[in-house]
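The values are calculated or read from the model by the stated rules, or taken from the named source; none is laboratory data. Just so it is clear, the structure is predicted and the values come from calculations on it, not from any experiment. Every residue, glycine among them, receives a Cβ derived from its backbone with ideal geometry; neighbour counts consider all protein chains shown. Quick note on the areas: whole protein, heavy atoms, side chains included, nothing else; ligands and nucleic acids left out. Shrake-Rupley method; radii C 1.70, N 1.55, O 1.52, S 1.80 Å.
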Amino acid sequence: MKPTAIFTYLSQESTIDYEGHLSLLMFTAGCNFQCRYCHNPELIPKKKESVSVKELQNILFRAKNNWIDAVSISGGEPTMSPYLEETLRIVKSFGFHIKLDTQGSFPDILQNALPYLDYVAMDYKMPMEKLSHVTQTKISKNSILRSIHLLKESGVDYEIRTTVVPGLQTDSDMIQICKEIAPVQKFVLQHFVPRENLPDPSYQKKPRTPLPLLESYQSICKEYIEQTIIR
Ligand code: SF4
């Protein structure tokens, strides 16, 4: 029997997830982190993939006829899906551009996926020595650093991104992050947006990241990474 396709949830098409593209959003379930501010906490536990290859092909066929030119795969952590490579192969066979979101824990899987990918957005949430405070799980420093190295060597466009949370990172944390990742193609500072279902209840009450804080960190980071942007 053919394997089921990668994703657990399919979302509406998006004009903002993959810059310059109208993309179909796919979400996988299962993540080895438990980030305090995870926006998709329902996708942290593993769930059964629920879409067959035939259904995936039908979805992609319809998307192609609706001017969608890209597929954006997020999660959860997509590189934990045993069907990632098969799904990428099918998606690519329709001619879509593919963007993958990852936190970099599984460099071997990322390496196998890279030939199919047109863009990768990789999280780098905190300086490495403090990362497990955010993820609330053990992390493999070497795996994450190797993923960044693979991206740099791959020739695939990519960004490294940090969600700036009020009261979480300090100026020196941001400097440390830049030192650990530089040089990179693009460094993105993202807003934190509070929600009711965030895994750490104390984060549910934090304010949205104020623009002056992002601008201040942008100015600090530009000293190390010229292409630092706010999103
Ligand atoms: S890595 Fe992403 S999906 Fe996983 S827990 Fe953290 S924010 Fe959520």
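Yes/no per residue for (1) in contact with a Phe, Trp or Tyr (Cβ under 6 Å, 6 or more places away or on another chain); (2) more than 25 Å from Tyr119 (Cα to Cα); (3) more than 16 Å from the ligand (Cβ to nearest atom); (4) open to solvent by less than 20 Å² (accessible area, probe 1.4 Å):
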position	(1), (2), (3), (4)
Leu151	yes, no, yes, yes
Gln169	no, yes, no, yes
Ser172	no, yes, yes, no
Leu198	yes, yes, no, yes
Pro207	no, yes, yes, no
Pro212	no, yes, yes, no
Lys222	no, no, yes, no
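Got at least one residue in the range 33-42 being out of contact with any strand residue (DSSP E or B) (no Cβ under 7 Å at 6 or more places or on another chain) and away from the ligand (no atom under 16 Å from the Cβ)?
So far as the range 33-42 goes, no, none of its residues is out of contact with any strand residue (DSSP E or B) (no Cβ under 7 Å at 6 or more places or on another chain) and away from the ligand (no atom under 16 Å from the Cβ).
How about the range 97-118: which of its residues are without any contact (Cβ under 8 Å) to a residue 40 or more places away in the chain and more than 15 Å from the ligand (Cβ to nearest atom)?
Residues satisfying the conditions are Ile98, Asp108, Gln111, Asn112, Ala113, Pro115, Tyr116, Leu117.
Count, please, the residues in the range 134-148 that happen to be open to solvent by 70 Å² or more (accessible area, probe 1.4 Å) and touching a residue at least 12 places away in the same chain (Cβ under 8 Å).
3
Just the residues that are touching a helix residue (DSSP H, G or I) at 6+ places or on another chain (Cβ under 8 Å) and open to solvent by 10 Å² or more (accessible area, probe 1.4 Å), please, taken from the range 153-164.
If the condition is that a residue be touching a helix residue (DSSP H, G or I) at 6+ places or on another chain (Cβ under 8 Å) and open to solvent by 10 Å² or more (accessible area, probe 1.4 Å), then Ser154, Val156, Tyr158 are the ones that fit.
Can you find a residue in the range 74-85 that is open to solvent by 70 Å² or more (accessible area, probe 1.4 Å), within 24 Å of Phe187 (Cβ to Cβ), away from the ligand (no atom under 15 Å from the Cβ) and not aromatic (Phe, Trp, Tyr)?
no
Just one of Lys54, Lys48 is in a loop (DSSP other than H, G, I, E, B), of a type in the set (D, E, K, R) and surrounded by fewer than 16 Cβ atoms within 10 Å (Cβ to Cβ); which is it?
Lys48
On the basis of being within 15 Å of the ligand (Cβ to nearest atom), at pLDDT 95 or above and part of a loop (DSSP other than H, G, I, E, B), does Ser132 make the cut?
Considered against the rule, which asks whether it is within 15 Å of the ligand (Cβ to nearest atom), at pLDDT 95 or above and part of a loop (DSSP other than H, G, I, E, B), Ser132 comes out as no.
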